[in-house]
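The values are calculated or read from the model by the stated rules, or taken from the named source; none is laboratory data. In this text, all values refer to a predicted model and were calculated from it rather than measured experimentally. Glycine gets a Cβ as well: all are built from the backbone with ideal geometry, and neighbour counts include every protein chain shown.
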Amino acid sequence: MIKNGMLVPQDATQLNEGSSDQLRIHSIESFGTHDGPGIRMVVFVQGCQFRCLYCANPDTMDVKGGSFIEIEEIVQRAIRQKRYFGKTGGVTVSGGEPLLQRKPLKQLFRRLHEEGINTALDTNGRLIDTQTKELLEETDLLMLDVKHFNEEWHRKLTGLSNKNTFKVAAHREETGKPMWLRYVLVPGWSDQEEYLHELGKFFQEYKHIERIDVLPYHMLGVHKWEAMGMEYKLKGIEPPTQQKLKNISEILKNYFREVRVN
């Protein structure tokens with residue numbers, strides 16, 4: 001439901017009104033190169049509780065949108081593409097927010113592993129419970145989206161708290177499984193140097209974070225907001241300059257073994 005120019009979040013912690021053998025998805029990309037290592041098939045699931053002001057795909061927010069697809073159909077598509085994955089590629093599930101469908105995703109990842117296919121999960125870490133932990137056990141690579149280190153600024157950007165995001169990170173670290181962090185850099189919103197230092201200090205003792213990806217803010221999704229009749233509140237914000245990106249990268253290099261600007 002759109003209210004005051006925004007899509008209002010629905011209180012859903014488990015989104016799957018189809019059978020347990022189905023996912024509610026937005027789309028599937030066959031040859032993704034920016035969603036994990038190697039060449040990957042990327043499944044974009046439907047539904048998200050965050051309301052990120054810069055979201056490039058606001059059409060994925062609605063938990064009632066999208067369409068259902070059988071898990072086995074996804075597996076068979078991946079098998080057909082397996083020869084392109086090579087040694088490092090595989091399947092990434094992104095969003096929307098995958099953790100809203102963590103139960104069927106666990107089934108999907110188990111099937112992919114049976115076929116020798118690598119799995120990656122791109123999530124904002126909104127939910128942490130037994131089912132999340134079980135899904136993460138089947139996840140070869142966790143790509144955790146940290147929207148902001150500061151709680152107040154995180155709420156301004158997304159409408160919700162960041163506490164569970166850090167709980168997911170802590171759990172992943174405890175399991176010893178690999179993790180990437182992802183951070184969208186929005187001028188005036190998430191580029192404050194003091195908070196980037198705090199972010200780095202918070203994670204600097206983590207041994208299983210392989211890298212942090214800095215994702216420069218862009219305006220490619222603005223037309224979708226307008227088409228959906230939703231107010232885009234970051235009008236006038238320009239993408240970060242190359243100098244700004246360089247400065248931020250230098251800060252983060254003090255704390256992370258690898259920093260990439262995508």
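Numbers below:
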{"item": "Hits in the range 133-153 - residues which are surrounded by fewer than 20 Cβ atoms within 10 Å (Cβ to Cβ) and either free of Cβ contacts under 8 Å to residues at least 12 places away in the same chain or among the polar types (S, T, N, Q) (or both)", "result": "150, 152"}
{"item": "Filter result (among the hydroxyl-bearing types (Ser, Thr, Tyr), over 21 Å from residue 119 (Cβ atoms) and in a helix (DSSP H, G or I)) within the range 157-215", "result": "158, 195"}
{"item": "Selected residue (only one of 69, 39, 79 is of a type in the set (Val, Ile, Thr) and either surrounded by 20 or more Cβ atoms within 10 Å (Cβ to Cβ) or closer than 19 Å to residue 20 by Cα (or both))", "result": "69"}
{"item": "Number of the exception - residue 24 against (1) surrounded by fewer than 17 Cβ atoms within 10 Å (Cβ to Cβ); (2) farther than 24 Å from residue 217 by Cα; (3) modelled with pLDDT of 95 or more", "result": "(1)"}
{"item": "Among residues of the range 235-250, those that are more than 23 Å from the chain's Cα centre (by Cα) and surrounded by 14 or more Cβ atoms within 10 Å (Cβ to Cβ), counted", "result": "2"}
{"item": "So residue 44, is it more than 19 Å from residue 131 (Cβ to Cβ), in contact with a Ser or Thr (Cβ under 6 Å, 6 or more places away or on another chain), modelled with pLDDT of 95 or more and of a type in the set (A, V, I, L, M, F, W, C)", "result": "yes"}
{"item": "Sole residue being assigned to a strand (DSSP E or B) and either of a type in the set (A, V, I, L, M) or out of contact with any Gly (no Cβ under 7 Å at 6 or more places or on another chain) (or both), chosen from 75, 93", "result": "93"}
